[in-house]
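All remarks here apply to the structure that follows.
The values are calculated or read from the model by the stated rules, or taken from the named source; none is laboratory data. Everything quoted here is computed from the prediction, not taken from an experiment. Every residue, glycine among them, receives a Cβ derived from its backbone with ideal geometry; neighbour counts consider all protein chains shown.
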Amino acid sequence: MTLKGNEVILNAQDEAGSYELCWRFDLRAFPAPPEMSRMLVIPSALLRLDYLRVADAVHQAVAKLVSIESQHQVHRTKLAILVGLSHGRLTVNGQEISEETVDKYYFDPRLIIRALEHVQADQVELGMTSLGPQRAFLSLVNRQPECSVHCALLSIGLETQQLFPLPPRRSQKEDLRLR
């Protein structure tokens, strides 16, 4: 990915040829989080796991979130995947962001799914970089002989919910009419 003036250019190449995707953008309109430089560093302690087991756990957590949203009328911006990496074990759970946790962090389910798409391999490595009491980066890594793919996701929490203005709660009848 390169930047020329206000044009972003993404170059990719595979056996079918090379590709270039360009778009105009003012990068100042997309401020990076202050922790951005720390996101680039792959954690030293990584847990190596079977990709399908990780993907299955995440998809089960997403299914649980869909159920919570539909049955309990919880707005999707209040739902997240809780991830923990401790004692050489991965824990994944879909739930409402309701309490602060120790050594477990909430992540946007859409971002975890996208990261899994990018690091897809037989085996993937996961690591957590703590940023303080309730914030962390989740790193998903695919190491191949020719390159490594590293996706780092910034956790979300109770304070993040203030960033999402929620629409007024509608009744079930209004929900049915909108579908």
Self-check item: Residue ID - nearest to the chain's Cα centre (by Cα), chosen from residues in segment 30-73 that are among the basic types (Lys, Arg) and within 20 Å of Phe137 (Cα to Cα)
Solution: Arg38
Quiz item: Which one of the conditions (1) at pLDDT below 90; (2) part of a helix (DSSP H, G or I) does Ser98 fail to meet, given that it meets all the rest?
Solution: (2)
Quiz item: How many of the residues in segment 40-78 are surrounded by 16 or more Cβ atoms within 10 Å (Cβ to Cβ), in contact with a His (Cβ under 9 Å, 6 or more places away or on another chain) and among the aliphatic types (A, V, I, L, M)?
Solution: 0
Quiz item: What pairs come up if the first residue lies in segment 64-78 and is modelled with pLDDT under 85, the second is surrounded by fewer than 16 Cβ atoms within 10 Å (Cβ to Cβ), and their beta carbons are under 6 Å apart, counting only those six or more places apart or on different chains?
Solution: His75/Leu166; Thr77/Phe164
Practice problem: Report, by residue number, each residue of segment 144-179 that is surrounded by 10 or more Cβ atoms within 10 Å (Cβ to Cβ), part of a loop (DSSP other than H, G, I, E, B) and modelled with pLDDT of 75 or more. | Solution: Ser155, Gly157
Quiz item: Listed residues Leu47, Leu82, Leu52, Leu90; which is at pLDDT 90 or above and touching an Asp or Glu at 6+ places or on another chain (Cβ under 7 Å)?
Solution: Leu47
Quiz item: Pairs under 6 Å by beta carbon, first residue under 15 Å from Phe137 (Cβ atoms) in segment 103-124, partner modelled with pLDDT of 95 or more and not in a strand (DSSP E or B), six or more apart or different chains?
Solution: Ile112/Val58
Quiz item: Quick one: in segment 112-138, which of the residues that are part of a helix (DSSP H, G or I) and crowded, with 17+ Cβ neighbours inside 10 Å is farthest from the chain's Cα centre (by Cα)?
Solution: Leu116
Self-check item: Where a residue in segment 4-25 is over 17 Å from Cys147 (Cα atoms) and its partner, wherever it lies, is of a type in the set (Gly, Ala, Ser), with Cβ under 9 Å and at least six apart
Solution: Ser18/Ala12; Tyr19/Ala12; Glu20/Ala12; Leu21/Ala12; Arg24/Gly5
Quiz item: Within the bounds of segment 21-36, is there any residue that is farther than 26 Å from Glu96 by Cα, at pLDDT 85 or above and not basic (Lys, Arg)?
Solution: yes
Quiz item: Just to be sure, is Val141 more than 23 Å from Lys64 (Cβ to Cβ), at pLDDT 95 or above, of a type outside the set (Ser, Thr, Tyr) and crowded, with 16+ Cβ neighbours inside 10 Å?
Solution: yes
